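Right, one structure below, let's go through it.
Throughout, read-outs are computed from the coordinates displayed, never taken from laboratory work. The shown structure was predicted, so the numbers you read here are calculated from the model rather than taken from an experiment. Ideal geometry is used to build each Cβ from the backbone, glycine not excepted, and the neighbour counts take in all protein chains shown.
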Amino acid sequence: MSQLRYTAKRNVQGQLVYVFSLRTDQRWMQLEEFPSRALARGEIHELILSANPGLQPGAGVPDVAYVGFFEVEVGGIAEFGDEVWAGSHRLGTLAGFDLNHYPNHLNIVVAAGVASTGADLGLDLGTSIRFQPAAGANPSTDS
């Protein structure tokens, strides 16, 4: 039986400030070993989707589709397995973090069924972005 990591968690929330229409095959991002990162209010980070199997902290990510950059409006902890939403569209689950452009921004990689760009998804500036625990992952969430 696994030990509960936390008893409550606030959703990280933000808004898109840049929408991509770009995808890259054989990009080979390298996810860091750590499963979580604190995302502070006012920071801007890049959101990336990948449909490659086996995405988790420490994995390589060959193919990616870029969703966009978002500004964090409500800070908190984003961690492996969190659901990531753009408006009412569930993008997938948080797979990990690539530090290639850090400290400018984090590349936040989301495991998705289909790797779509922000433009493919019809997203626009101001679209809400939300990281929340997957259903059943914790007993309490303050949204």
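With both bridge residues required to lie in segment 1-128, what share of the DSSP beta bridges run antiparallel, to the nearest 5%?
85 percent
Mind putting a number on the dipole of the chain about its Cα centre? Charges go on the C-beta only, +1 for Lys and Arg and -1 for Asp and Glu, and I need it in Debye to the nearest 20.
260 debye
Using the Kirkwood radius built from alpha carbon pairs, what does the Stokes-Einstein equation give as D for the chain at 25 °C and 0.890 mPa s, in µm² per second? Intermediate results must be reported in sequence, preceding the final value.
Details: Rh = 14.9 Å.
The calculation lands on 164 µm²/s.
Label-point separation (nm) for ARG90 and GLU32, each offset 7 Å from Cα along Cα-to-Cβ?
2.8 nm
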